[in-house]
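*Asks:* Okay, handing you the structure first.
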Amino acid sequence: MKYLTLIITLFFITPNQQTDKLTGRYNYLIEDDNVYVQKDKITFSDSVFVFDNKYLPKGKISYGNVILLDNFINRDLIISIPKDQIKKDTVLFYMHDKQSSTVNYIDEVVGKGKLIKIK
């Protein structure tokens, strides 16, 4: 009987342990002089993202306390997204420069923008 209870408990726990990931298509907008300008469309799939513009490189997504998009537009630009933004249709993000003079480049924000989900 106790094994049956253990199996039933594990069955109900396992599906609820999903990690939040970016999926789907988004428009991305960059803030320029307090105005958001739409740049391109971007598609997220598991741990990779791709721009509609074929000349821009593919990038990688790192999931942790903060979600990081590496290789965003160019090799030196990295995007950070607070984890609580993932469930929203409009996701705020911050841009960081890997060539920054600060010790931890994530601490210095060089720009910000929004991802707006396309339904």
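*Asks:* Report, to the nearest 10°, how far helix 2-13 tilts away from the longest principal axis of the Cα atoms in the chain, using its own Cα long axis and a range of 0 to 90°.
*Replies:* 20 degrees
*Asks:* If you don't mind, another one. Just subtract the alpha-carbon distance of N104 and R25 from 0.36 nm times their residue separation and send over the number in nm, one decimal.
*Replies:* In short, 25.4 nm is gained.
*Asks:* Also, quick follow-up: At what distance in nm do the modelled label points of Y55 and K117 sit from each other, each positioned 7 Å from its Cα along Cα→Cβ?
*Replies:* Placing both labels 7 Å beyond Cα along the Cβ direction yields 3.2 nm.
*Asks:* Taking +1 at the Cβ of each Lys and Arg and -1 at the Cβ of each Asp and Glu, which of L68, S100, F49 sits farthest along the dipole of the chain towards its positive end, judged by Cα position relative to the Cα centre?
*Replies:* It is F49.
*Asks:* Same structure, new question: Could you give me the ³J(HN,Hα) list for the range 98-106, computed from phi with Karplus coefficients 6.51, -1.76, 1.60 and θ = phi - 60°, whole Hz, x at Gly and Pro?
*Replies:* Once θ is set to phi - 60°, the couplings for the range 98-106 become 5, 8, 4, 7, 6, 5, 10, 4, 5 Hz.
*Asks:* Going by a ≥ b ≥ c, the root eigenvalues of the Cα gyration tensor, does the range 34-83 fall in the rounded group (a/c under 1.5), the prolate group (a/b larger than b/c) or the oblate group?
*Replies:* Judged from the Cα gyration tensor, the range 34-83 comes out oblate (a/c at least 1.5, b/c at or above a/b).
*Asks:* Could you work out [θ]222 nm for the chain from helices alone, using -39500 (n - 2.57) per DSSP H run of at least four and dividing by all its residues? Round to the nearest 500 deg cm²/dmol.
*Replies:* The helix contribution divided over the chain gives -3000 deg cm²/dmol.
*Asks:* Using a 1.4 Å probe on the protein chains only, how many percent of the accessible area of the chain belongs to carbon and sulfur?
*Replies:* In the chain, the share of accessible area belonging to carbon and sulfur is 54 percent.
*Asks:* Could you tell me the relative contact order of the range 41-98? Use alpha-carbon pairs under 8 Å, at least six residues apart, and round to a whole percent.
*Replies:* 21 percent
*Asks:* Below 8 Å, C-alpha to C-alpha, sequence gap of six or more: please give me the relative contact order for the chain in percent.
*Replies:* 21 percent
*Asks:* I've got another one for you. Rounded to the nearest 20 debye, what is the charge dipole size of the range 75-119 about its Cα centre when +1 sits on each Lys and Arg Cβ and -1 on each Asp and Glu Cβ?
*Replies:* In total the dipole reaches around 380 debye.
The values are calculated or read from the model by the stated rules, or taken from the named source; none is laboratory data. Worth saying up front: this structure is predicted, and the values here are computed from it rather than measured. In this analysis, Cβ positions are derived from the backbone assuming ideal geometry, glycine residues included, and neighbour counts consider all displayed protein chains. Surface accessibility is based on the protein's heavy atoms, side chains included, excluding ligands, DNA and RNA. Shrake-Rupley method; radii C 1.70, N 1.55, O 1.52, S 1.80 Å.
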